[in-house]
Amino acid sequence: MYAVIATGGKQYRVKEGAVVRIEKLEAEQGSNVEFKQVLLVGAGAEVKLGTPYITSATVTATVEKHGKGDKVRIVKFRRRKHYKREGSHRQPYTDVKIKEIIHGA
């Protein structure tokens, strides 16, 4: 069984037991989180699609860890204008382990 959930402005295809890297959540490590914005639930050939969400479906997960992604360099440069700006960015993330997909009635 798999599901498509929406969190952090993105959509993720998840299945039970999988560890998924999502946008940072404000939850403690080891705590349980519940995703109610379920767009699709599929089991084999049977697929249930929401409009836009399936109201009876939820996905529960456990927060594994928090972290930051790889460093991305940002360079702004204009030739012959004495203009150069450098910066960097590390995107925070949360790894969650999917425990259960409840597809409802």
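Computed from the coordinates by the stated procedures, all read-outs in this text should not be read as laboratory data. Predicted model, so just to flag it, every value in this text is computed and none were measured. Note: ideal-geometry Cβ built from the backbone for every residue, glycine included; neighbour counts use all protein chains shown.
For the chain, the Cβ-based charge dipole about the Cα centre amounts to some 1400 debye (Lys, Arg positive; Asp, Glu negative; other atoms uncharged). Counting 0.36 nm for each residue step from Q29 to K15 and taking away their Cα separation leaves a gain of 3.0 nm. Note on Y53 and M1: their simple-model spin labels are 1.9 nm apart, each label 7 Å out from Cα toward Cβ. The trypsin sites (Lys or Arg not before Pro) found in the stretch 5-58 that occupy coil by DSSP, while having at most 15 further C-beta atoms within 10 Å, are K24, K36. Among the trypsin sites (Lys or Arg not before Pro) within the stretch 49-91, those in coil by DSSP and having at most 16 neighbouring Cβ atoms inside 10 Å are K71, R79, R80, K81, R90.
For the stretch 57-71, the residues whose backbone nitrogen is under 12 Å from a point 7 Å from the Cα of K97, taken along Cα to Cβ, are 61-65. Taking the dipole about the Cα centre of the chain, with the C-beta of Lys and Arg at +1 and of Asp and Glu at -1, give me whichever of V75, L39, H103 is farthest to the positive side. Most positive-ward Cα: V75.
Taking a ≥ b ≥ c as the square roots of the Cα gyration tensor eigenvalues, the stretch 56-105 comes out prolate, since a/c reaches at least 1.5 and a/b is larger than b/c. Rounded to the nearest 20, the size of the Cβ-charge dipole of the stretch 26-67 about its Cα centre is 160 debye, with Lys and Arg at +1 and Asp and Glu at -1. Listed cross-link partners K15/K97; K15/K71; K71/K99; K15/K68; K10/K76; K48/K97 are compared with a 20 Å cut-off, the Cα-Cα value being larger for K15/K71; K71/K99; K15/K68; K10/K76; K48/K97.
Note: relative contact order over the chain, using C-alpha pairs below 8 Å and six or more positions apart, is 32 percent.
Across L49, L25, L39, mean-square fluctuation computed from a Gaussian network of the chain (C-alpha pairs under 10 Å connected) peaks at L49. Short-range pairs are left out: with C-alpha atoms under 8 Å and at least six residues apart, the relative contact order of the stretch 31-83 is 35 percent. Projected onto its three principal axes, the C-alpha set of the stretch 37-80 covers 61, 28, 21 Å, listed from the longest axis down.
Taking the alpha carbon gyration tensor of the chain, multiplying each eigenvalue by 5 and rooting it gives semi-axes of 37, 17, 10 Å, largest first.
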